[in-house]
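All remarks here apply to the structure that follows.
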Amino acid sequence: MDISLNVNGLTREFAAEANELLVERLRDGLGLTGTKVGCDTGQCGSCVVRLDGRSVKSCLILTAAAAGSEVTTIEGVTEPGGELTGLQEALRREHGTQCGFCTPGMVMALGELVDRTAAPETEDPTEPEIREWLTGNLCRCTGYHSVVRGVQRACAARTAPRQEA
């Protein structure tokens, strides 16, 4: 079947099998290997991408079901000029990444949380809320403490005046 997707701001048109998973199309068909395949059962979160602005596990989505949608992968979140996003920089500063396998999925999922709480009238997420948001992402390296601190730093940086490093 013929499919059209907007992937990281570019329209992509291709033929897809009815049973093709979105993660397969992204990695194998489009070469976007930042989206990882960890468990193939939707438990680890390594395959998280944004589908029409919401974080989803791409190993559970058929490519055909995503037809006509906007897909953002980790390759598509970088700031203009290749700068890290506020969340990515905060995770780096808080040592919220180690081996890096789960990092793209976490950035995609946590980026939605950071975006949802970005309005000035919205409270920053609490530690329990951040941990709840992380339940769909498995990490064997960080213990999540540094990841939580990274999200808190990213949220605080949105509202605080920028300090020179």
³J(HN,Hα), Karplus 6.51/-1.76/1.60, whole Hz, each residue of segment 126-134, x for Gly, Pro: 7, 4, x, 5, 5, 4, 4, 5, 7
- request: At 7 Å along the Cα-to-beta-carbon direction for both ALA67 and THR122, put a label point, then send me their distance in nm to one decimal.
  value: 3.2
task: For the chain, return all DSSP H helices satisfying: extent of Cα atoms along own axis at least 20 Å; mean Kyte-Doolittle hydropathy at least -1.0.
output: 145-159
query: Does a label point 7 Å from the Cα of GLU83, set along Cα-to-beta-carbon, have any residues of segment 104-128 with amide nitrogen under 18 Å, and which are they?
result: 115
- request: Just report the Cα centroid separation between segment 98-141 and segment 1-48, whole Å.
  value: 22
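Just how many % of Cα pairs in the chain lie over 30 Å apart, if you round to the nearest whole percent? Let's see the in-between values first.
Numbers: 2375 of 13530 pairs.
That tail contains 18 percent of the Cα-Cα pairs.
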query: How much mean residue ellipticity at 222 nm does the chain get from its helices, if each DSSP H run of length 4 or more adds -39500 (n - 2.57) and you divide by all residues, to the nearest 500 deg cm²/dmol?
result: -8000 deg cm²/dmol
Overall form of segment 4-82 per C-alpha gyration tensor (a/c, 1.5; a/b vs b/c): oblate
query: For segment 90-165, which trypsin sites (Lys or Arg not before Pro) are in a loop by DSSP, counting at most 14 other Cβ atoms within 10 Å?
result: ARG140, ARG162
query: Any idea which of GLY100, ALA67, VAL77 is furthest toward the positive side of the dipole for segment 12-115, if Lys and Arg beta-carbons carry +1 and Asp and Glu beta-carbons -1?
result: GLY100
query: Gain in length, PHE101 to MET1, computed as 0.36 nm per residue apart minus the alpha-carbon separation, to one decimal in nm?
result: 32.8 nm
field: J(HN,Hα) series, segment 26-41, from Karplus relation 6.51 cos²θ - 1.76 cosθ + 1.60, nearest Hz, glycine and proline x
entry: 5, 6, 7, x, 10, x, 8, 7, x, 6, 9, 10, x, 10, 6, 10
query: Once amide H atoms are placed 1.01 Å from N in the peptide plane, what residues at a sequence separation of 5 or more from VAL7, or on another chain, have their amide H within under 5 Å of its amide H?
result: ARG12, VAL71
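List the GluC sites (Glu not before Pro) within segment 104-164 that fall in a DSSP loop (any state other than H, G, I, E or B) and whose Cβ has at most 15 other Cβ atoms within 10 Å.
Hits after loop and neighbour filter: GLU121, GLU123, GLU164.
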message: Out of the GluC sites (Glu not before Pro) in segment 49-83, which ones are loop residues according to DSSP with at most 13 other C-beta atoms within 10 Å?
response: GLU83
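Read-outs throughout are calculated quantities, based only on the coordinates presented, and are distinct from any laboratory measurement. Bear in mind the structure is a predicted one, so any value in this text is a computation, not a measurement. Cβ atoms come from the backbone with ideal geometry, glycine included; neighbour counts cover every protein chain shown.
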